[in-house]
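No lab work stands behind these numbers, since they all come straight from the coordinates. Not measured: the values here are computed from a predicted model. Note that we place each Cβ from the backbone using ideal geometry, even for glycine, and neighbour counts take in every protein chain shown.
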Amino acid sequence: MVSTAIRRPSSRRSSTTRISSFFYRSIIALIAIVAGAPIIVATLALFVDTGDIWQHLLVHVLPEALKNTAWLVAMVAILTAILGVSLAWLVSVYEFGGRRFFNWALLLPMAMPAYVMAFAYSSLFEFTGPVQTFWRDILGNPFDFPDIGARWASIATLSLVLYPYVFLIVRGAFASQGLRSLEVAQSCGLSPIRGFVRVSLPMARPFIIAGVALAVMESLADFGTVKTFNYTTFTTAIYQAWYGLFSLNAALQLSLVLIAIIFVALVLERYLRGEAMYTSSGTHAVRGRIRLSRRYAWFASGFCGAVLLVAFLVPAALIVQWSAATFTGEFDQRYWQFAANSLMLATLAATLITVVALILAYAVRRDDGRFAALQARIATLGYAIPGTVLAVGFFVPVAALSRAMNDYFGWHGGETIALQGGLLVILLAYLSRYLAVAHSPVESALSRIKPGIEEASRGLGVSGLGMLRKVHMPILSPALITAALLVFVDIMKELPITLMTRPFGWDTLAVRIFQLTTEGEWQRAALPAVAIVLVGLLPIYLLNRQNENA
Amino acid sequence: MNTKLIVVACLLFLCAACGKNEDDSESANVATPVVVYSARAEQLIKPIFDAYTAATGVPIRYVTDSEQPLIQKLKAEGATTSADLLLTVDAGNLWYAADQDVLRPTYSEILDANIPLHLRDPDNAWFAMSVRARTIVYDTRLLKADDLLGYADLADEKWRGKLCLRTSAKVYNQSLVAMLISELGERETEIIVRGWVANLATEVFSNDTKLIQAIEAGQCQVGIVNTYYFGRLQKENADIPVAIYWPSAKTGGVHVNVSGAGVTRHAKNPDGAKALLEWMSQEAAQKLLGGDNMEYPANPAITPHPMVEGWGTFEASAMNVAQAGFYQADAVKLMDRAGYR
């Protein structure tokens, strides 16, 4: 691939192009097949007759579920966009008290599993919780305590947990835009606010979309939060079809509807974006931030502090208190093993998935065909499928493959594939769910590299994967770090795939939470939850420092 | 820097792949281990497995997950499965596992003697190990046991605004309604469920503990819960102003559900699995199974936890618990129609 000779464009290009395009297409197809396996399984389920289940769901369940899901997704999209973009803008462009702290601390809510936050807040504010008890017993119930209801409770919880996706990705965009574009805007007579609206915001669009798309897909697939608040959504309908009506096929069919909606939305967004290019201004050095006047600085610190308080400090304080109360009964030596397993799986998966996402995004950019882009889309849709459905959708073909291999080679050891493959099965299953999480920031960062840079390096004789390594990687490294961090914290919290595909002895901290919560032992489950947050904190802090210095 | 990263990643993958070999050598010398897929939470089964290994020397390897994923996993693995025994909660899931043919019949005099007929599969595919009673709890400050009559009575107008229920998405309620369908038929059951919904004091709860706490806080006066959730709260506060009511046999008896186990269709060690099942039906394990979580032993010869005994005796519905699985889908649809969320 890498040719150091200066070549004339006419003589060798055609054959090289053909070989390299075959090479890239094979890579894309391989990734799409592995990561898209659950979607293929769901598509096959379309041909299975599921009796009168659809009829029933259409009449009694889906009207409400669809309405609720539309509310959830729309509001989470709006709120995560507002929170994520405004916070990212503040910490990237202005200087105010506590900015350096907020720069990484505002990522913390990401480390907390959404279902934990949901439970913490519902315990705090429900009728029997401390707030309402205080309201009735001490304040004498001046008027009935306002009930925000399941809808807004779910929306608020998911928005608070998911805004860091937008914050992290968009912050990277603002950083790489530099203040240069804003300076240009100001020199044209625009105020910082108008410069933000007219220049920076449009330039950050692919990043905002990337972050919001992740938040939307995650909330579509969410089961833990909506279950805690008893909010009927499309996902609860999927679980009802499977667990209640015993029809996995109906659940798979419903999941396919879910991803079809996402697919259309993403294609539509791409179409609306048109041919616009979002290349960067070329400078990465932040020249120095705008120092805010005293009053505005207080406002900025106050806003960041308030978000951090609600999205992290309050629920964290609650689970710390619970885990202190249950520590002696709950903590034992095995916790070190749980934490080590979590750390190992999250690190391995974050590495693997980021590398695959980079290869995929790069291959699609090089291939430039419609079909390649389509396959990349399919490979990254798994994120919107409810976790347990995806776990089964991935496990079924893998187990079938292993059965076939056993028959073919005449093995009769009788070991399940989850054991035969070591950690390979679980890591590939993670890949099929979280590829989108890594792909999103990498792809949007890649879209900002000018084609001119590639042409120039090709002129210097650097091409193919060599170009990826020498030219793209240095520019992309902040996005790669973002991608790895997002995947890492997601896998720390992951449950259904870990449960289904882990080999014996690979119980993680999240698995421990599952054991306790299935029996309603929420207070005891606070200890592993705190541990997840602590382990997730470390890479957030470290990688953020690196990002800051980069 | 990037090359280094890739090398490290490759090494880690190799590590991951060889992890499996260590396991193999470890278990070669002693008795063949029994491999269990368990939907019963780890903290509730590990003490039993540890006791079994201590008593017999047979090691047990287990992996936990929810009921449906485990059953689908068994189906997908087919003959390549490692699992010898499936342990799960809720009769509906046990019925479904038998229906999907992932279990094999087990014939054992010990199990026949220890586990009553209505607590096991008609074809011996699974056996109950513990019994969970889903009954009525009430506020002792406002009500007496005489005020209550049974599940159907909670649909009566006199309970308007006084009833608390857990979500219909929970399998315990699906089983309860399924049993009502099998006893009373769909029409009558739907009238009852509609009555319940009309009587609700507030939105349905996401778990039983919160429901009992709501009664304690005065949000409602009666509710339907599994007794061990009440037991846990009573353990923390002996003076809790909530008590258990047992519906009489005249009104159909108390609805019970089970946790149970069956030997898998493709078990590699079916004898080991059967021996474990038999051991679990006997006193030592039955005490542990009921005791820790304050459930009822499936073996009627074993007395439950003293606190559980203090709640008095009850007459369980005589229906085979497998009916809960047979009617579960109907029950779910019925609750949707009746507007029970």
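Near residue B:206, once Lys and Arg are set to +1 and Asp and Glu to -1 for all other residues with Cβ below 9 Å from its Cβ, the sum equals +4. Candidate membrane-span-like segments in chain A, meaning DSSP H helices with Cα atoms spread over at least 27 Å of their own axis and a Kyte-Doolittle mean of 0.0 or above, are A:9-35, A:62-93, A:149-177, A:248-273, A:334-367, A:387-409, A:424-446, A:473-493, A:526-549, with no membrane implied. Put a dot 7 Å past the Cα of residue A:29, heading toward its Cβ, do the same for residue B:250, and the two dots end up 7.5 nm apart.
Taking every alpha-carbon pair under 8 Å whose residues sit at least 6 apart, chain A reaches a relative contact order of 26 percent. Of the residues A:436, A:389, A:408, the one whose Cα sits farthest toward the positive end of the charge dipole of segment A:343-491, with +1 on the Cβ of Lys and Arg and -1 on the Cβ of Asp and Glu, is A:436. Toward the positive end of the charge dipole of the protein assembly as shown, with +1 on the Cβ of Lys and Arg and -1 on the Cβ of Asp and Glu, the farthest Cα among B:179, B:196, A:317 is that of A:317. Using only alpha carbon pairs under 8 Å that are at least six residues apart, calculate the relative contact order of chain B and give it in whole percent. Once divided by the residue count of chain B, the mean separation gives 28 percent.
For the set B:162/B:250; B:210/B:333; B:210/B:235; B:235/B:287; B:46/B:75; B:46/B:274, the pairs lying more than 22 angstrom apart at their alpha carbons are B:162/B:250; B:210/B:333; B:46/B:75.
Distances between placed amide hydrogens fall under 5 Å for residue B:316 paired with B:254, all partners being 5 or more residues away or on another chain.
Each other residue within a Cβ distance under 13 Å of residue B:91 adds +1 if Lys or Arg and -1 if Asp or Glu, for a net charge of -1.
Between the amide H of residue B:103 and those of B:265, distances stay under 5 Å, these residues lying 5 or more places away or on another chain, with hydrogens modeled in the peptide plane. Projecting the Cα positions of A:62, A:245, A:128 onto the charge dipole of the protein assembly as shown (unit charges on Cβ atoms of Lys, Arg, Asp and Glu, taken about the Cα centre) puts A:62 furthest along the positive direction.
Neighbours of residue A:521, meaning other residues whose beta-carbon lies under 11 angstrom from its beta-carbon, give a summed charge of +1 when Lys and Arg score +1 and Asp and Glu score -1.
Tell me the angle of helix B:2-26 to the major Cα principal axis of chain B, expressed in degrees between 0 and 90 and rounded to the nearest ten. With both axes taken from Cα atoms, the answer is about 80 degrees. Within the protein assembly as shown, antiparallel bridges make up roughly 60 percent of the DSSP beta bridges whose residues both belong there.
Using alpha carbons only, how many degrees (0 to 90, rounded to 10) separate the axis of helix B:283-293 from the longest principal axis of chain B? Compared with the principal axis, the helix lies near 60 degrees. Placing +1 on the Cβ of every Lys and Arg and -1 on the Cβ of every Asp and Glu, with no other charges, gives chain A a dipole of roughly 2680 debye about its Cα centre.
So how strong a dipole does segment B:207-266 carry about its Cα centre when Lys and Arg Cβ are +1 and Asp and Glu Cβ are -1, to the nearest 20 debye?
Values: 5 positive and 4 negative charges, 62 e Å.
Dipole of segment B:207-266, to the nearest 20 debye: 300 debye.
The shape of chain A comes out oblate: with a ≥ b ≥ c from the C-alpha gyration tensor, a/c is at least 1.5 while a/b does not beat b/c.
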